[in-house]
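Right, one structure below, let's go through it.
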Amino acid sequence: MQLLWFMLAAFGLTQILVYGKIFDKYRPTKEDYRGWGEVFHCPMCMGFWVGMFLFFINGWTELFTFEMTIGNMFICGWLSSGSTYLLSSLVNDEGLKIQKKGENK
């Protein structure tokens with residue numbers, strides 16, 4: 001159950017940081033910071049860093065707790081990145097992304 005809470009928290013925070021209008025004026029462009037601005041426009045990239053952030057704050061939450069090890073830190077980043085990318089490719093603001101055969105993207 002802890003992994004489910006972790007993945008949902010990671011997805012929610014990543015969606016807010018990548019797509020939230022509240023951050024539009026603070027979010028760097030893709031060209032800023034020698035390409036590092038791309039992180040703020042990519043759910044997979046931002047998902048990794050959100051997973052790292054959630055790992056470091058896991059001592060302050062009861063929803064999920066992980067042992068503080070280097071391995072767990074990277075696994076949380078990878079899990080967050082993958083689950084965020086998967087959920088982002090399945091869901092958008094209108095609900096499930098369902099493309100019918102022959103429809104353009």
> Picking from Ala10, Thr69, Ser88, whose Cα lies most toward the positive end of the charge dipole for the chain (charges on Cβ: Lys, Arg +1; Asp, Glu -1)?
Replying inline: Ser88
> Heavy-atom accessible area per residue, the chain, 1.4 Å probe: how many Å²?
Replying inline: 74
>> Lysine pairs in the chain with Cα distance under 26 Å, only those 8 or more apart or on different chains: how many are there?
In response: 6
> How do Ser81, Ser89 rank by accessible surface area computed with a 1.4 Å probe, from largest to smallest?
Replying inline: Ser89, Ser81
> Which Cys in the chain stand alone, with every other cysteine's Cβ at 4.7 Å or more from theirs?
Replying inline: Cys76
> Quick one: ranking Ile75, Ile57 by accessible area, 1.4 Å probe, largest first, what do you get?
Replying inline: Ile75, Ile57
> For the chain, what is the charge dipole size about the Cα centre, in debye to the nearest 20, if Lys and Arg each add +1 at the Cβ and Asp and Glu each add -1 at the Cβ?
Replying inline: 340
>> I need the calculated FRET efficiency for the pair Met68 and Phe23, taking r as the beta carbon distance and R₀ as 35 Å, to the nearest 0.05.
In response: 0.75
>> So for each of 34-43, 6-15 I average, over its residues, the number of other beta carbons within 10 Å; can you give me the resulting order with the highest mean first?
In response: 6-15, 34-43
> Which of these, Leu63, Leu54, Leu79, has the largest mean-square fluctuation under a Gaussian network model of the chain (Cα springs below 10 Å)?
Replying inline: Leu63
> Where does helix 2-19 land angle-wise versus the long Cα axis of the chain, in degrees 0 to 90, nearest 10?
Replying inline: 50
> Can you give the angle from 0 to 90° between the axis of helix 70-90 and the longest principal axis of the chain, with both taken from C-alpha atoms, to the nearest 10?
Replying inline: 20
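The values are calculated or read from the model by the stated rules, or taken from the named source; none is laboratory data. Remember, predicted model here, so these are calculated numbers, not experimental data. Heads up, the Cβs are rebuilt from the backbone with ideal geometry, glycines too, and the neighbour counts pull from every protein chain shown. Note: areas computed on protein heavy atoms with side chains; ligands, DNA, RNA excluded. Shrake-Rupley method; radii C 1.70, N 1.55, O 1.52, S 1.80 Å.
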